[in-house]
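Structure, as structure tokens:
The values are calculated or read from the model by the stated rules, or taken from the named source; none is laboratory data. Nothing here was measured: the structure is a model prediction, and the numbers come from that model. Counting neighbours? That spans all protein chains shown, and the Cβs are built from the backbone with ideal geometry, glycine included.
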Amino acid sequence: MELKNIIFIIVFLAVFGFFAYSVNNLIKYLKVAKKKDDRSGDVAIRLKRVWNIAFAQTKLLRDPVAGTLHLLIFWGFVLFIFAVIETIFQGFYSPFSLSFLGPIYSLITLVQDLFGLLVILSIIFSLYRRFIQKVPRLVVDDHGMKDAAFILTLIMFIVISMYGQNASGFANNGMSYHESELRPVSAFISGLFYTGPSSTTTFLYEFFWWIHILLIFGFLNYLPYSKHLHILSSIPNVFFANLDPIRNTVKKLNLDDENADTFGVADIDQFSWKQILDGYSCTECGRCTSVCPANTVGKSLSPRDIIVDIRKRTLEKAPLILEGKTEGEVFEKNLVHNYVTDMQLWECTTCMACVQECPVMIEHVDSIVDMRR
């Protein structure tokens, strides 16, 4: 075992230990929700919906431009999972390769190499739409804009470092592919900068290898603390979404329930776990707000902002509840009034346009009506 492998194992354990800690906290925050909500059953139907909405991204593609950009970035990352797996195993054992898969490996490496370019182009265009074209529904607060810029740039550098690693590896192998590899883009880049194996290409391969894996690890641990948390939570949110047809109806109150402490929601602990998961899953894409009739005519209601406020309030209050605290500045506030105004809640017509449009199946109207009550 080389020094590189020892260092990697230490980094790997620290990274995944912290990631597990962060995800475990998010799961525990769901448990502060007191409202019961059974989303079990109909597993086959739910899995079919996950495929159609989360993987085929049918709702996102209603907006052809933005939908296609997101589809390319999403599937690019899915395809890069194989490269990540290979890189991680190389951290434990440097000569490791998935080349034993034969023709399948050739296909994987070819698609990864070509998709990398599409991902970079999609990210550049996404940054253009958000910061230069300034598509109205993509404009959020300063923190949200910086978060979007950071995560998109981070993804782009992950792909660039992959090309750097593969190009220098191509040179190290005598300007030829390793067994079963097909990486035409990486080979082209290698030809621009290298003429063959040397101490420089060996150094640059190791340099890009470390940069690539550290960027991936950084990305992984940034997710639970950013609006891109939806990368982790959106598929579960789609799976547990309401299976009933979306129509202009709301859940009825059972006023005869003697076990109910409250019939409405003033703060996050009175929500259901699914309503908090909705908050985790919001991508802040603004599709819900862009189709909201109240917002369209200039009213203050923004379904996106309400769901984001649920997430913010959860991350602020849930840790204190789990610590057993009941007093302090945080407990002097409520979600209703201090985050979400009465005006916003009562401007909602319960038309369900936001629910219909949401690409991750967030149920805005149920939360709005609960807060009204």
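Report, by residue number, each residue of the range 79-133 that is closer than 30 Å to I10 by Cα, in contact with an Asp or Glu (Cβ under 8 Å, 6 or more places away or on another chain) and polar (S, T, N, Q). So that I can check it myself, show each step before the final result.
Narrowing the range 79-133 to residues closer than 30 Å to I10 by Cα: 79-101, 105, 108-109, 112-113, 116.
In the following step, the residues that additionally are in contact with an Asp or Glu (Cβ under 8 Å, 6 or more places away or on another chain) were identified as 94, 96-99, 105, 109.
If the condition is that a residue be closer than 30 Å to I10 by Cα, in contact with an Asp or Glu (Cβ under 8 Å, 6 or more places away or on another chain) and polar (S, T, N, Q), then S94, S97, S99, T109 are the ones that fit.
Can you find a residue that is at pLDDT 85 or above and in a helix (DSSP H, G or I) anywhere in the range 29-38?
Yes, some residue in the range 29-38 is at pLDDT 85 or above and in a helix (DSSP H, G or I).
Hey, any hits in the range 158-166 for a residue that's out of contact with any Asp or Glu (no Cβ under 6 Å at 6 or more places or on another chain), closer than 21 Å to G218 by Cβ and at pLDDT below 90?
no
Would you point out which residue out of K36, K59 is buried (at least 17 other Cβ atoms within 10 Å of the Cβ) and basic (K, R)? Steps first, please.
Working: K36 fails: buried (at least 17 other Cβ atoms within 10 Å of the Cβ).
Selected residue: K59, the only one of K36, K59 that is buried (at least 17 other Cβ atoms within 10 Å of the Cβ) and basic (K, R).
Among the residues of the range 122-149, write down those that are touching a residue at least 40 places away in the same chain (Cβ under 8 Å) and assigned to a helix (DSSP H, G or I).
Once the filter is applied, which keeps residues that are touching a residue at least 40 places away in the same chain (Cβ under 8 Å) and assigned to a helix (DSSP H, G or I), the range 122-149 yields S122, I123, F125, S126, R129, P136, R137, L138, G144, D147, A148.
Could you check the range 181-195 and list, in sequence order, the residues that are farther than 18 Å from F80 by Cβ and either surrounded by 12 or more Cβ atoms within 10 Å (Cβ to Cβ) or hydroxyl-bearing (S, T, Y) (or both)? Steps first, please.
First, pick out the residues of the range 181-195 that are farther than 18 Å from F80 by Cβ: 187-188, 190-195.
Scanning the range 181-195 gives A187, F188, S190, G191, F193, Y194, T195.
Would you call T109 over 21 Å from V238 (Cα atoms), touching a helix residue (DSSP H, G or I) at 6+ places or on another chain (Cβ under 7 Å), among the polar types (S, T, N, Q) and modelled with pLDDT of 90 or more? Show your work before the answer.
Working: over 21 Å from V238 (Cα atoms): yes; touching a helix residue (DSSP H, G or I) at 6+ places or on another chain (Cβ under 7 Å): no; among the polar types (S, T, N, Q): yes; modelled with pLDDT of 90 or more: yes.
Here the answer is no, as T109 does not meet what is asked.
As an exercise: evaluate V119 against (1) part of a helix (DSSP H, G or I); (2) more than 23 Å from the chain's Cα centre (by Cα); (3) of a type in the set (A, V, I, L, M); (4) modelled with pLDDT under 90 and give the number of the one condition it does not meet.
(2)
Can you go through L243, L223, L253 and tell me which one is at pLDDT 90 or above and either among the hydrophobic types (A, V, I, L, M, F, W, C) or part of a helix (DSSP H, G or I) (or both)? First the steps, then the outcome.
Working: L243 fails: at pLDDT 90 or above; L253 fails: at pLDDT 90 or above.
Testing whether each residue is at pLDDT 90 or above and either among the hydrophobic types (A, V, I, L, M, F, W, C) or part of a helix (DSSP H, G or I) (or both) leaves just L223.
Restricting to the range 289-342, count the residues that are charged (D, E, K, R) and not in a helix (DSSP H, G or I). Walk me through it before giving the result.
Just the residues of the range 289-342 that are charged (D, E, K, R), to begin with: 299, 304-305, 309, 311-313, 316-317, 323, 325, 327, 329, 332-333, 342.
Checking which are not in a helix (DSSP H, G or I) leaves us with 299, 323, 325, 327, 333.
Selection size over the range 289-342: 5.
Output the residues belonging to the range 146-183 that are within 15 Å of the chain's Cα centre (by Cα) and acidic (D, E).
Step one: of the range 146-183, the residues within 15 Å of the chain's Cα centre (by Cα) are 147-155.
D147, the sole residue that qualifies.
Please pick out the residue among G67, G91 that is closer than 14 Å to I216 by Cβ and not assigned by TED's automatic domain parsing to the domain that holds R287. Working first, answer last.
Values: G67 fails: closer than 14 Å to I216 by Cβ.
Exactly one of G67, G91 is closer than 14 Å to I216 by Cβ and not assigned by TED's automatic domain parsing to the domain that holds R287, namely G91.
Only one of (1) in a loop (DSSP other than H, G, I, E, B); (2) under 24 Å from the mean Cα position of the chain (by Cα) is not met by A266, so which one is it?
With (1) in a loop (DSSP other than H, G, I, E, B); (2) under 24 Å from the mean Cα position of the chain (by Cα) applied to A266, the lone miss is (2).
Answer yes or no as to whether V11 is surrounded by fewer than 17 Cβ atoms within 10 Å (Cβ to Cβ), at pLDDT 90 or above and assigned to a helix (DSSP H, G or I).
Spelling it out, V11 is indeed surrounded by fewer than 17 Cβ atoms within 10 Å (Cβ to Cβ), at pLDDT 90 or above and assigned to a helix (DSSP H, G or I).
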